[in-house]
Amino acid sequence: MSLVQKQIDSGLVREVSVYYRDLLDGPWFGINENAEFNPASMMKVPVMIAWLKRAEKDPHVLKRSYTHDGKEDMNALQDIPTHHTITPGRPYTVEELLHYMMNYSDNNATTLLYRGLSATELNAVLDGMDVDNKVADDSNSISVHGYSGFFRILYNASYLSREMSENALALLSLQDFPQGIAAGVPEGTRIAAKFGEFARERSGGEKQLHEFGIVYHPTRPYILGIMTRGKDLTNQQKVLGAISRLVYTEVDSNAARNGMR
């Protein structure tokens, strides 16, 4: 894809990986798809899946409550601020916490949900969804191709039940991040997606910004994943939107040529 190289040559980003898969008949392509990045907030997806897997056996777990003590604000670590966060001292059900985690990428809600799971449950999600997540020190490492398993298997309902898979995709459809993939598709197009950002240094250092999701084109739904490294999150957001726009335009044009629009 020449657009990717143009974004790199222009200095907007240093590195880009792209993954695309047609969800009807399965053809896919990748650009630099095996390069490894820190998935950051995109690892909230397996936390959500682990809770929904538990809820398959006991739906009442979604009504269990947890309370954030307010001693540490995990959202302070983010460069892209959350618009809403849970209130310290107030109990929230797991159902509510899942909403805050996926809709607003609230790290405080995520921390409560993560602590409520066992390592066995989280590892079962990664193993069951065929996702190769590498852990070293305090960091995760994953490729855009490796991460694709989450969305492909959710769409096919081959790990969670159909009901819980639809619940997961509905939660992912709540994401409040219009600067990325959503910026490249027609207004009103449904997207089930999750973005993530990572930086070891808050200013001046390298930043990673990624987004992965399902775009529900009217006749040709597809998975699109984009991972980037650069120095400026605003520029990286523009790259996400530009790649999304190009992919949607190509999908739509092919659908029209084949009489499927």
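The values are calculated or read from the model by the stated rules, or taken from the named source; none is laboratory data. Computed from a predicted structure; not experimentally measured. In this analysis, Cβ positions are derived from the backbone assuming ideal geometry, glycine residues included, and neighbour counts consider all displayed protein chains. Heads up: the accessible areas ignore ligands, DNA and RNA and are worked out on the full protein's heavy atoms, side chains in. Shrake-Rupley method; radii C 1.70, N 1.55, O 1.52, S 1.80 Å.
Structure notes:
- Near pairs, Cβ below 8 angstrom, 6+ apart or cross-chain, from segment 143-161 (more than 15 Å from Y19 (Cα to Cα)) to any residue that is among the acidic types (D, E) and in a helix (DSSP H, G or I): A157/E166; L160/E56; S161/E56
- Note on segment 1-28: residues that are within 19 Å of the chain's Cα centre (by Cα), farther than 19 Å from N254 by Cβ and surrounded by fewer than 21 Cβ atoms within 10 Å (Cβ to Cβ) amount to 1.
- Counted residues, segment 145-199 - those being within 17 Å of Y222 (Cβ to Cβ) and assigned to a helix (DSSP H, G or I): 17
- Selection from segment 40-76 of residues that are touching a helix residue (DSSP H, G or I) at 6+ places or on another chain (Cβ under 6 Å), open to solvent by less than 60 Å² (accessible area, probe 1.4 Å) and not in a helix (DSSP H, G or I): Y66, H68
- Odd one out for E96, checked against (1) assigned to a helix (DSSP H, G or I); (2) over 28 Å from I223 (Cα atoms); (3) free of Cβ contacts under 8 Å to residues at least 24 places away in the same chain: (2)
- Any hit, segment 145-161, residues being polar (S, T, N, Q), at pLDDT below 90 and open to solvent by 10 Å² or more (accessible area, probe 1.4 Å): no
- Which numbered condition A35 misses (of (1) in contact with an Asp or Glu (Cβ under 9 Å, 6 or more places away or on another chain); (2) under 18 Å from M102 (Cα atoms); (3) open to solvent by less than 40 Å² (accessible area, probe 1.4 Å)): (2)
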